[in-house]
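Chemist: I am attaching a structure below and will ask some questions about it afterwards.
The values are calculated or read from the model by the stated rules, or taken from the named source; none is laboratory data. Predicted, not measured: the structure shown is a model, and the values here were computed from it. For neighbour counting, all protein chains shown are included, and Cβ atoms are generated from backbone atoms with ideal geometry for every residue, glycine included.
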Amino acid sequence: METPHLGMEHQTIDAYGNRYCLNGYGYDSLLQHEFTHEWFGNQLTNAGWDDMWLHESFGTYMQPLYSQYLNGDMDYFSWLHELRLKLRNHHPIVSGSSRTEEQVYDEKAGPGQDIYNKGALMLHTLRQLIGDEAFFDSIRRLVYGRPDPQLGNFSPRYASTGDYVAIVDQVSGRRLDWFFDVYLR
Ligand SMILES: [Zn+2]
């Protein structure tokens, strides 16, 4: 739905006000970002605000990923470089305890925009570490709760950071706590 607000996901519909601006990569990144939430937000929801990166890191990584699909590696790495310039690195993305939305988005006392940009870079690194097959398998299992989603065999679900780490361990056959300790915790 077109609104005066730039962009916000809501269940079953997005508020959108970017006037279909192309982003220099050949598509409207805001529209694409909000659509990723329609997929995640209606099928997978973060268990708590401390797990909000599950929405925004994946939602942000989808823009470089889509650019790689559209135009190849040059656009993909150009996107990653833009995200890198936005890194803050003041607080861990995941605190390990229950937090409010305000605490997570607080740019001084919380991770703030790192749940978007640093989290997306973390997913890029994870993808290089475990390979495309395991990486995309991990997303499928995170979102649908099973490796073989078909219409009728899954329902909307909640997941936490710990759930995703366990999935990555399972699909990669490795113990990657050290990786998530460094980049998330
Ligand atoms: Zn978002």
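Chemist: Looking only at the range 29-45, decide whether some residue is in a loop (DSSP other than H, G, I, E, B) and over 14 Å from the mean Cα position of the chain (by Cα). Outline the logic, then answer.
Modeler: Residues of the range 29-45 that are in a loop (DSSP other than H, G, I, E, B), as a first pass: none.
No; the residues of the range 29-45 include none that is in a loop (DSSP other than H, G, I, E, B) and over 14 Å from the mean Cα position of the chain (by Cα).
Chemist: How many of the residues making up the range 155-185 are free of Cβ contacts under 8 Å to residues at least 40 places away in the same chain and either outside any helix (DSSP H, G or I) or over 17 Å from ALA134 (Cα atoms) (or both)?
Modeler: Total meeting the criteria: 7.
Chemist: Shifting gears a bit: Could you count how many residues in the range 41-95 are of a type in the set (A, V, I, L, M, F, W, C), touching a residue at least 40 places away in the same chain (Cβ under 8 Å) and under 15 Å from THR125 (Cα atoms)? Quick ask: steps written out before the conclusion?
Modeler: Let us first name the residues in the range 41-95 that are of a type in the set (A, V, I, L, M, F, W, C), namely 44, 47, 49, 52-54, 58, 62, 65, 70, 74, 77, 79-80, 83, 85, 87, 93-94.
Narrowing further to those that are touching a residue at least 40 places away in the same chain (Cβ under 8 Å): 44, 47, 49, 52-54, 58, 70, 79-80, 93-94.
Next, from what is left, pick out any that are under 15 Å from THR125 (Cα atoms): 58, 79-80.
Result for the range 41-95: 3.
Chemist: Assuming VAL94 fulfils every condition listed in (1) closer than 17 Å to GLU56 by Cβ; (2) hydrophobic (A, V, I, L, M, F, W, C); (3) outside any loop (DSSP other than H, G, I, E, B) apart from one, which condition is it?
Modeler: VAL94 satisfies all of (1) closer than 17 Å to GLU56 by Cβ; (2) hydrophobic (A, V, I, L, M, F, W, C); (3) outside any loop (DSSP other than H, G, I, E, B) except (3).
Chemist: Additional query: When you scan the range 10-23, do you find a residue that is under 19 Å from LEU142 (Cβ atoms) and buried (at least 20 other Cβ atoms within 10 Å of the Cβ), even just one?
Modeler: No.
Chemist: Moving on. In the range 24-46, which residues are more than 15 Å from MET62 (Cβ to Cβ) and surrounded by 14 or more Cβ atoms within 10 Å (Cβ to Cβ)?
Modeler: Within the range 24-46, THR45, ASN46 meet the criteria.
Chemist: Being away from the ligand (no atom under 14 Å from the Cβ) and touching a Leu at 6+ places or on another chain (Cβ under 8 Å) is the requirement here; does LEU80 meet it?
Modeler: Yes; evaluated as a whole, the condition is true for this residue.
Chemist: Taking the range 54-77 as the search range and keeping residues that are among the hydroxyl-bearing types (Ser, Thr, Tyr) and buried (at least 16 other Cβ atoms within 10 Å of the Cβ), which one is farthest from the ligand (Cβ to nearest atom)? Walk me through how you get there before you give the answer.
Modeler: Start the filter on the range 54-77 by keeping residues that are among the hydroxyl-bearing types (Ser, Thr, Tyr), which leaves 57, 60-61, 66-67, 69, 76.
With the extra rule that they be buried (at least 16 other Cβ atoms within 10 Å of the Cβ), the set shrinks to 57, 60-61, 66-67, 76.
On the way: SER57: 10, THR60: 7, TYR61: 11, TYR66: 14, SER67: 17, TYR76: 19 Å.
Result: TYR76.
Chemist: Pick out the one residue from PRO111, PRO4 that is at pLDDT below 95 and either in contact with a Lys or Arg (Cβ under 7 Å, 6 or more places away or on another chain) or more than 13 Å from the ligand (Cβ to nearest atom) (or both).
Modeler: Unique residue meeting the criteria: PRO4.
Chemist: When ALA159 is evaluated against the numbered criteria (1) more than 25 Å from GLY48 (Cβ to Cβ); (2) at pLDDT 95 or above, which criterion, by number, is the only one it fails?
Modeler: Condition not satisfied by ALA159: (1).
Chemist: Additional query: With (1) at pLDDT below 95; (2) more than 10 Å from the ligand (Cβ to nearest atom); (3) small (Gly, Ala, Ser) as the list, and GLY48 as the residue in question, which single condition is left unmet?
Modeler: (1)
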